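Since the structure comes first, as structure tokens, the remarks are kept for the end.
The values are calculated or read from the model by the stated rules, or taken from the named source; none is laboratory data. Treat the numbers as computed from the prediction; the structure is a model and nothing was measured.
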Amino acid sequence: MRAGRVPARGVLHAPGWEEAPEGAPLLDVERALNVADNLVTQLCTLCGCAQELTPLLQGFDQIGGLDSM
């Protein structure tokens, strides 16, 4: 995933997305999930980032809920 910045929040884009800010760092999956879990981070819906990461984030929420039982 590529991280792009906008004032006061971050936006994650899929790798290779032409509209990602130039020089945006390429993140591995673990780092992308950690960044995506931040409430001020937005996942781009145009490049597919949101469609790829949202199910993974929801899966981790369910696993975390089971640990607290």
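Is it the case that some residue within region 57-66 is at pLDDT below 90 and within 11 Å of the chain's Cα centre (by Cα)? Within region 57-66, one or more residues are at pLDDT below 90 and within 11 Å of the chain's Cα centre (by Cα). Scanning region 31-49 for residues that are part of a loop (DSSP other than H, G, I, E, B) and modelled with pLDDT of 90 or more yields Cys44, Thr45, Leu46, Cys47, Gly48.
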